[in-house]
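Shown next, in structure tokens, is the structure this report addresses.
The values are calculated or read from the model by the stated rules, or taken from the named source; none is laboratory data. Quick caveat: nothing in here was measured; it's all calculated off a predicted structure. A quick note on method: Cβ atoms are made from the backbone with ideal geometry, for glycine too, and the neighbour counts reach across all protein chains shown. Note: accessible area is taken over every heavy atom of the protein model, side chains too, but ligands, DNA and RNA are not part of it. Shrake-Rupley method; radii C 1.70, N 1.55, O 1.52, S 1.80 Å.
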Amino acid sequence: MTIGSLFGPLQALQHAGIDLYPKLDFLFINMGDIQAAYYQGLTLHGVLNALIWTTFFITGFSTLVVIRSLKRNLAIPMLNRVGFWMMVVGLVVAAIPLLGDNASVLYTFYPPMEADSLFYIGLVLVVVGSWIEGWGFYITLWRWRKDNPDAKTPFLALAVILNMVMWQIATLGIAAEVLGLILPWAFGWVGGIDPQLSRTFFWFTGHPLVYFWLLPAYASWYGMLPKQAGGKLFSDSLARLAFWLFLLLSVPLGFHHQFVDPGVPAGWKYIHSLLTFGVGFPSLLTLFTVVASLEYAARQRGGKGLFGWIRALPWGDGSVTAQLLAGILFIFGGIGGVANASYNVNLVLHNTTWVPGHFHLTVASAVTLSFFGISYWLVPHITGKPLWRPKLAVWSSWIYFGGMLVFSNAMHTVGLLGAPRRTPLGLAPYVPAEWNGHLFRVAVGGTIMWIGLMLFVVIVAMTAFQRTRLPEGEHIDVPVAESLDDPRNAPAWLDRWKPWLIAAVVLIILAYGPQLIDQIFGIELTSPGFDPASPVPGG
Ligand code: HAS
Ligand code: CU
């Protein structure tokens with residue numbers, strides 16, 4: 001994440017015409033070609049931050065949550081170790097072409113842009129490694145179930161394991177894309193590729209991917225944050241219901257990323273649009289339940305008034321503050337998401353800077369800022385050392401939050417004015433004067449975010465590497481919130497996998513089956529690849 005984020009301010013400043021790429025050309029292979037450097041940087045930014053930072057944090061955090069929540073060790077620790085090291089090897093393998101400018105295909109790697117085959121092989125290893133870690137969780141849960149046949153699965157364990165199950169269903173899409181279409185083509189066994197079918201497979205995974213990132217943050221908001229704030233989870237049953245709804249609804253709606261794809265009939269886009277509004281519902285449940293839990297905590301701490309209780313939350317705690325600010329930013333990210341999902345509105349904002357504006361409020365705020373907050377207790381918990389400069393930890397989140405407000409607002413606005421995403425706007429001759437103020441705010445906000453982020457990195461590193469240890473007998477524990485309602489009274493259908501899994505698979509078959517059959521039988525392996533670093537078709 002530290003390396004990936006270095007490119008953030010470079011891109012943001014570039015938009016405002018302050019081009020640092022030429023000054024840093026010793027870092028890039030394509031020296032002197034700013035456009036190539038921009039795309040190499042943007043790919044590193046997306047792959048390292050959105051794919052690598054998230055997946056590594058999530059698998060590590062989930063491992064701790066499973067152990068702590070089920071109160072037992074992993075059933076087969078070796079299995080999880082194999083999964084982890086496979087992810088590490090995958091990262092190294094993918095990094096070789098990324099750093100060598102042989103994989104500047106952006107984090108969505110849409111064919112017919114073609115990367116060095118090592119890039120795809122590396123990503124496959126990361127995904128399969130995360131699967132193996134998930135298998136380790138399932139076996140642990142299964143052993144726990146044998147020892148506790150009548151107990152309800154503790155909420156936190158259920159939440160992170162359910163996320164893994166959802167992820168394994170979801171990643172069947174990129175498995176089909178990479179193994180079935182891309183690798184045979186990248187190895188030169190077939191002469192061309194079908195971009196439309198590739199995109200359909202990609203977004204089968206690409207949308208649920210965003211909930212794979214989000215749900216661990218939700219697990220913390222429901223199951224840990226209330227305890228950190230001095231209260232309880234408002235409703236264990238509502239929390240479980242939200243997670244089951246994510247298992248049911250996360251996958252069958254990927255066409256909302258393909259509203260402008262000519263190969264997908266409008267009727268299917270409409271169905272996926274409706275289902276997208278459906279998956280917004282468990283997030284609205286989350287908004288209600290998490291805020292109710294926080295209000296309960298604040299009133300326990302003496303908070304008063306309709307909104308005055310908000311001040312009584314423990315804002316001096318860096319871990320809590322990060323997660324509260326993450327939640328506030330996510331309210332705006334969610335509103336933007338619902339705008340994206342509206343078929344006709346999407347035609348205005350698709351492929352504009354509005355979209356990166358949206359996903360910085362979601363994956364870079366709701367998720368990443370929450371992970372910062374979690375790290376502020378997690379690293380002391382693991383190392384037995386106190387958090388370094390706790391006040392600075394509070395500041396780091398506020399700085400990141402402030403930068404994000406400016407940055408995301410500007411990105412959304414200039415997107416509505418028509419500024420394209422994934423474009424080195426500083427080089428574009430067509431930028432009208434009315435974009436300039438917004439592009440300047442993009443640069444200012446992006447730079448401030450980076451300062452907040454680097455503070456986080458320094459605080460975590462100093463916490464881990466300092467000499468000071470926690471006083472004898474003191475220990476930072478994993479926060480686990482009790483719930484106001486007794487989980488034992490939760491309805492039995494909120495602890496059964498079978499009906500939810502069957503319903504999820506049926507819904508996927510209904511929403512994707514006919515289109516997949518159509519597109520697979522109509523496959524046309526006609527597009528030759530092109531290397532974005534030297535964009536000559538077939539080159
Ligand atoms: Fe999205 C594009 C629709 C959520 C990420 N999205 C993207 C892309 C990314 C992304 C990365 O329909 C770009 C992909 C690319 O490169 O092309 N998105 C949605 C919808 C939701 C949504 C309907 N997105 C996310 C999340 C992401 C994410 C979560 C990452 C983690 N998105 C779209 C669509 C597109 C899209 C289209 C395609 C656009 C295009 O044209 O390319 C919903 O799930 C959002 C529901 C959320 C809410 C908010 C609930 C609020 C809560 C806050 C609680 C507050 C607290 C604070 C705790 C309804 C839960 C309390 C504090 C106190 C002080 C009291
Ligand atoms: Cu989506």
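Some observations on this one:
- By accessible area with a 1.4 Å probe, ligands and nucleic acids excluded, highest first: order of Thr321, Thr2: Thr2, Thr321
- Carbon/sulfur fraction of accessible area - segment 217-371, other protein chains in place, 1.4 Å, %: 72 percent
- Taking each of Lys71/Lys498; Lys232/Lys385; Lys227/Lys498; Lys152/Lys498; Lys146/Lys227; Lys71/Lys385 in turn, the alpha-carbon distance tops 20 angstrom for Lys71/Lys498; Lys232/Lys385; Lys227/Lys498; Lys146/Lys227; Lys71/Lys385.
- For a straight C-alpha distance cut-off of 18 angstrom, the aspartates and glutamates reachable from Lys304 (same-chain residues fewer than eight places away being disregarded) are Glu295.
- Near-label residues of segment 381-415 by backbone N, under 15 Å of a point 7 Å along Cα→Cβ of Tyr430: 415
- Estimated Rh, segment 262-331: Kirkwood, alpha-carbon pairs, angstrom: 14.6 Å
- Percent accessible area from carbon and sulfur atoms, segment 1-82, protein chains only, probe 1.4 Å: 67 percent
- Across segment 289-357, C-alpha contacts under 8 Å between residues 6 or more apart give a mean separation that, scaled by the residue count, equals a relative contact order of 15 percent.
- Shape category assigned to segment 155-307 from the gyration tensor of Cα positions, a/c cut at 1.5: prolate
- Ranking Ala292, Gly173, Ala186 by how far each Cα lies toward the positive end of the dipole of segment 169-317 (charges on Cβ) leaves Ala292 at the top.
- Given charges at beta-carbon only (K, R positive; D, E negative), |dipole| of segment 274-413 in Debye: 460 debye
- Cα gyration tensor, segment 45-89 - rounded (a/c under 1.5), prolate or oblate: oblate
- For the chain, a crude dipole built from +1 on the beta carbon of Lys and Arg and -1 on the beta carbon of Asp and Glu, taken about the Cα centre, is about 1720 debye to the nearest 20.
- Remark: relative contact order (segment 121-275) = 25 percent; criterion is Cα-Cα distance under 8 angstrom and separation of 6 or more residues.
- The dipole here belongs to segment 1-102: it is taken about the Cα centre, uses +1 on the Cβ of Lys and Arg and -1 on the Cβ of Asp and Glu, and is about 820 debye.
- Counting heavy atoms of the protein chains alone, Asp33 has an accessible area of about 60 Å² for a 1.4 Å probe.
- Cα→Cβ-extended label distance, 7 Å offset, between Leu20 and Val291, nm: 3.7 nm
- A Förster radius of 45 Å, combined with the Cβ-Cβ distance separating Leu27 from Arg299, puts the computed FRET efficiency at roughly 0.30.
- Label zone at Arg145, where the point sits 7 Å out along the Cα-to-Cβ direction: segment 44-84 residues whose backbone N lies under 18 Å: 66-67, 69-76
- When the Cα positions of Val505, Met449, Thr463 are compared along the charge dipole of segment 442-539, Thr463 comes out farthest toward the positive end, with charges on each C-beta of Lys, Arg, Asp and Glu.
- Here the Kirkwood formula, the inverse mean of 1/r across different C-alpha pairs, assigns the chain a hydrodynamic radius of 24.1 Å.
- Principal semi-axes of the equivalent ellipsoid, √(5λ) from the alpha carbon gyration tensor of segment 394-496, are 42, 26, 11 Å from largest down.
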